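A quick write-up on the structure given underneath.
Read-outs: derived from the displayed coordinates by stated rules, not from any lab. These numbers come from a predicted model, not from an experiment. Please note: Cβ atoms are built from the backbone with ideal geometry, for glycine as well, and neighbour counts cover all protein chains shown.
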Amino acid sequence: MSDFEAVIGLETHIQLNTATKIFCSCKADSWNDLPNTNICPVCCGLPGVLPVLNRAVVEKAVLLANAMQSDIRSLSYFDRKNYFYPDLPKGFQISQFDQSLAKGGFIDLPIPASLDPEGKGYVRPVSITKLHMEEDAGKTVNQGRRRLIDFNRCGVPLVEMVTGPDLHTADEAAQYLIRLRQLLRWLGISEADMEKGHLRCDANVSIRPRGADYLNPKTEIKNVNSIDAVRDAIVTEVDRQVRETAAGRRIEAWTLEWDEDAGVLRKMRSKETEADYRYFKEPDLLPIRLDDEWRQGILEGFPELPLERRRRFMEQYGLPEYDADILTGERNLSDYFEAAVKAYSSGAGGSQADPKKVSNWLMNDVLRMINESGTSPVQMRLNTVYLADIIKLVYTGTINTNTGKSLLEKVEKTGKAPASIVQEEGLARVSDDSAIRTVVQEVLIENPKEVESYKAGKVTLMGWFVGQVMRKMRGKADASLARSILEELLK
Ligand code: ZN
Ligand code: MN
């Protein structure tokens, strides 16, 4: 492999999460519905019907195009892409061809150090060569010698987005999909669930001698339904191409299908070329005129994007890349983090200086609570002000760290303010010298054997003594004070 470099482009089909289909009023998402229950004469392609464009599809596609830095055309067209297939009842797919909604675009993909052979991490710029709207086809299920057709998916709105041949490892391809999925959810335009077919990916793969700048014939891998499968399929195909080339054979432009269970690629068919599709302008739909007013309306309040926010979290809060990645994994979570930092640095006991503290509490404890309960940060009773309060109570010494951690659950369960739970349950830390001294003396009297071995030189028992004191005081003692009193009395 060292003599060769892989050249990978990804073609994705993204299902937009509109309520209805792209050209009719049928329900768009049929994941929980029986076959052929969300259909009508329009999406089944009966003669004499006319498509009506769903405005929400254009608006969601514009959001994606803007996020990908594409040029958005103020005038674009739908085209017919002709092919014959049982689950395409019209005999053509309404898509966009040369005057599509958007042109060009790119994403700067951060590749983490763990995936960099040099261990440093780097940025891979990925260009976007196609971004257009189209309708989905139906679904064919082979059952023995019978073919079953489900038209529910006909007319489901899609954006097809294609990258240039800019990715060079299977891991880079996986990172692209991870970032795309994150972006789609961040923008709220697709559920982006690969298992449910909301995000589908084909990979174009070729190899060339390292350092070359020409492109060799590529194969296209279809039918990969998870990010891991995309990675595995690409690794397998690159290995095959390297072996074939090394054996002096030519790579042919096959279409391959990934069999996930067997871990092998199977040849499907030779590839059609664009001429086979006989594209022409869709006569039943008007051009899409995206005037300034409509465009501005769509883009008003366009959010800070996940990769921008990730970089800002590192710069503004001094967070490590690892923290920034996790905290910007999801938009609600990153909003929650920022609100908690703000609450923590305001008011008594707060500190402007340490967002990392908030990050630690959030990543270690709150995130686990979120994952276990399946809730969203915005729905939590442990709101950002309460979280900040708990962290303050710990760092001002009012309560112990462990008490703070158990408070997280108590606040989430009861919805009460942390300070009032501390008061009601008497959780405040005891740092009163004489109170701790009394308990230390009790412990020493109750455990003469341990006192003897300690004095004989088994100093490792100190931790055990501290533990006994903490237990008697139900975890509320100031541990370092307890330790120094023990050291004094055991001399
Ligand atoms: Zn319909
Ligand atoms: Mn397509």
Going through 88, 131, 180 one at a time, which residue ends up being assigned to a helix (DSSP H, G or I), within 16 Å of ligand 2 (Cβ to nearest atom) and either of a type in the set (S, T, N, Q) or surrounded by 16 or more Cβ atoms within 10 Å (Cβ to Cβ) (or both)? 180
Subset of segment 1-21 (residues that are within 16 Å of ligand 1 (Cβ to nearest atom) and surrounded by fewer than 17 Cβ atoms within 10 Å (Cβ to Cβ)): 19
Does at least one position in segment 436-459 carry a residue that is touching a Phe, Trp or Tyr at 6+ places or on another chain (Cβ under 6 Å), free of Cβ contacts under 8 Å to residues at least 60 places away in the same chain and of a type in the set (A, V, I, L, M, F, W, C)? no
Which of the residues belonging to segment 415-432 are assigned to a helix (DSSP H, G or I), exposed (fewer than 13 other Cβ atoms within 10 Å of the Cβ) and of a type outside the set (Gly, Ala, Ser)? 423, 424
Scanning segment 27-42 for residues that are more than 10 Å from ligand 1 (Cβ to nearest atom) and in contact with a strand residue (DSSP E or B) (Cβ under 7 Å, 6 or more places away or on another chain) gives 35, 36
For residue 190, all conditions in the list (1) over 19 Å from the mean Cα position of the chain (by Cα); (2) within 16 Å of ligand 2 (Cβ to nearest atom) hold save one; what is the number of the exception? (1)
For segment 380-414, name all the residues that are among the aliphatic types (A, V, I, L, M) and part of a loop (DSSP other than H, G, I, E, B). 380, 382, 399
Spot the failing condition for residue 24; the list is (1) within 16 Å of ligand 1 (Cβ to nearest atom); (2) exposed (fewer than 15 other Cβ atoms within 10 Å of the Cβ), and only one is missed. (2)
Step by step: first the residues of segment 188-209, then only those that are assigned to a strand (DSSP E or B) and among the small types (Gly, Ala, Ser), then the one that is nearest to residue 63 (Cα to Cα). Which residue is that? 203
Just to be sure before I move on: is residue 292 charged (D, E, K, R) and over 24 Å from residue 223 (Cα atoms) in the structure I sent? yes
Is it the case that some residue within segment 31-45 is surrounded by fewer than 16 Cβ atoms within 10 Å (Cβ to Cβ) and under 18 Å from residue 286 (Cα atoms)? no
